[in-house]
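The structure appears below as structure tokens.
The values are calculated or read from the model by the stated rules, or taken from the named source; none is laboratory data. The model shown is predicted, which means the values in this text are computed figures rather than measured ones. Neighbour counts are summed over all protein chains in view; Cβ atoms, including those assigned to glycine, are modelled from backbone coordinates with ideal geometry. Quick note on the areas: whole protein, heavy atoms, side chains included, nothing else; ligands and nucleic acids left out. Shrake-Rupley method; radii C 1.70, N 1.55, O 1.52, S 1.80 Å.
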Amino acid sequence: MSNVLILGAGGQIARVAIDLFLQRTDARLTLYLRNARRLGKVDPARARVVEGDVLDAERLTEAMVGQEVVYANLAGSLEKQARNIVKAMDATGLKRLIWISSMGIHDEVPGEKYGSILDPYRKSAELIEASDLDYVILRPAWLNDKDEIDYETTPKGEPFRGSVVSRKSVADLVVKLAVSPKWEARRSLGVNQPVRRS
Ligand SMILES: NC(=O)c1ccc[n+]([C@@H]2O[C@H](COP(=O)([O-])OP(=O)(O)OC[C@H]3O[C@@H](n4cnc5c(N)ncnc54)[C@H](OP(=O)(O)O)[C@@H]3O)[C@@H](O)[C@H]2O)c1
């Protein structure tokens, strides 16, 4: 049994991941988000809802007490968010961080250059890599909402493969990483649907 804190719990991948956590694990979830109305009904026996902004350092640190895994599914001011999260995890002695980023931050997608639009994703990933956390940074391809789990991963330093992946696939990987706290630690993984040529 583990205690998992989900930051940005109303986000689209996060909502799929919450369903998978509830179906497949006995993890106790803390759902941290700016507006609790973005969530449907939550079973209080399995999940606690905390309304808060990741940029609110005090509230964030409070929410980390007693957790084992932090899964951050965020957008926006990612650099500031990452800084707050690393600091709060250090302060509370937490090690495992699963961080959703994006493909393209290392110019690893053959034939593509995404430029400054990915700067927040790049800078936040650098900050996390400079920490001593057991982080896993996930770099998903273009996301879709297909009801399928079908993915492969590529390590940092290898060219990205494919161009799309379902949110459900990313959520599947998040749950697996959360229940195996050392698996793929300190790695950055591209996540894509395998390209099948007929
Ligand atoms: N679209 C793509 O194809 C693609 C591909 C690769 C990666 N990505 C990236 O992957 C990430 C996750 O994807 P997704 O589809 O799950 O994104 P999403 O639905 O936009 O979820 C992001 C969540 O972050 C929350 N958030 C933002 N700032 C916050 C703060 N200061 N404190 C607390 N929560 C905050 C938002 O909450 P509010 O509801 O309060 O705004 C939102 O629920 C995003 O960064 C996305 O850009 C996207």
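Close amide H contacts of LEU189 (hydrogens built in the peptide plane, cut-off under 5 Å, sequence separation of 5 or more or a different chain): ILE137, LEU138, ARG139. Annotation: amide H of ASP134 within the under-5 Å range of ARG96, LEU97, sequence separation 5 or more or interchain, hydrogens built in the peptide plane. Dividing the Cα radius of gyration of segment 70-156 by its Kirkwood radius returns 0.98 for Rg/Rh.
Counted residue by residue at 0.36 nm each, then reduced by the alpha carbon distance between them, the extension gain from SER116 to GLN23 reaches 29.6 nm.
Just list whichever of LYS87/LYS176; LYS87/LYS168; LYS87/LYS123; LYS95/LYS123 have alpha carbons separated by over 23 Å in the model shown. In this structure, LYS87/LYS176; LYS87/LYS168 exceed 23 Å between Cα atoms. Solvent exposure of the chain amounts to 49 Å² per residue of accessible area, where only protein heavy atoms count and the probe is 1.4 Å. Amide H contacts for VAL50 (H built 1.01 Å from N in the peptide plane; partners 5 or more residues away or on another chain; cut-off under 5 Å): LEU31, TYR32, LEU33. Loop-resident chymotrypsin sites (Phe, Trp or Tyr not before Pro) (DSSP state other than H, G, I, E or B) in segment 94-198 with no more than 14 further Cβ atoms inside 10 Å of their Cβ: TRP183.
Of the trypsin sites (Lys or Arg not before Pro) found in segment 15-49, those that fall in a DSSP loop while having at most 16 other beta-carbon atoms within 10 Å are ARG34, LYS41, ARG46. When both segment 58-83 and segment 9-40 are represented by their alpha-carbon centers, they are found 14 Å apart.
Overall, the accessible surface of the chain at a probe of 1.4 angstrom is composed of carbon and sulfur to the extent of 49 percent.
Loop-located GluC sites (Glu not before Pro) in segment 86-167 (DSSP state not H, G, I, E or B) with no more than 14 neighbouring Cβ atoms inside 10 Å: GLU112, GLU148.
Rounded to the nearest whole Hz, the Karplus-based 3J(HN,Hα) values (6.51 cos²θ - 1.76 cosθ + 1.60, θ = phi - 60°) of segment 173-185 follow the sequence 5, 4, 5, 4, 5, 6, 8, 10, x, 10, 5, 6, 4, with x at glycine and proline.
Using the Karplus relation 6.51 cos²θ - 1.76 cosθ + 1.60 with θ = phi - 60°, the per-residue 3J(HN,Hα) values for segment 7-22 come to 9, x, 5, x, x, 5, 5, 4, 5, 5, 5, 4, 4, 5, 4, 5 Hz, with x marking Gly and Pro. In order along segment 191-198, the phi-based Karplus estimate (6.51 cos²θ - 1.76 cosθ + 1.60, θ = phi - 60°) of 3J(HN,Hα) comes to 10, 9, 6, x, 8, 10, 9, 9 Hz; Gly and Pro are listed as x. Normalised by 2.2 N^0.38 Å, with N the number of residues, the alpha-carbon radius of gyration of the chain equals 0.97.
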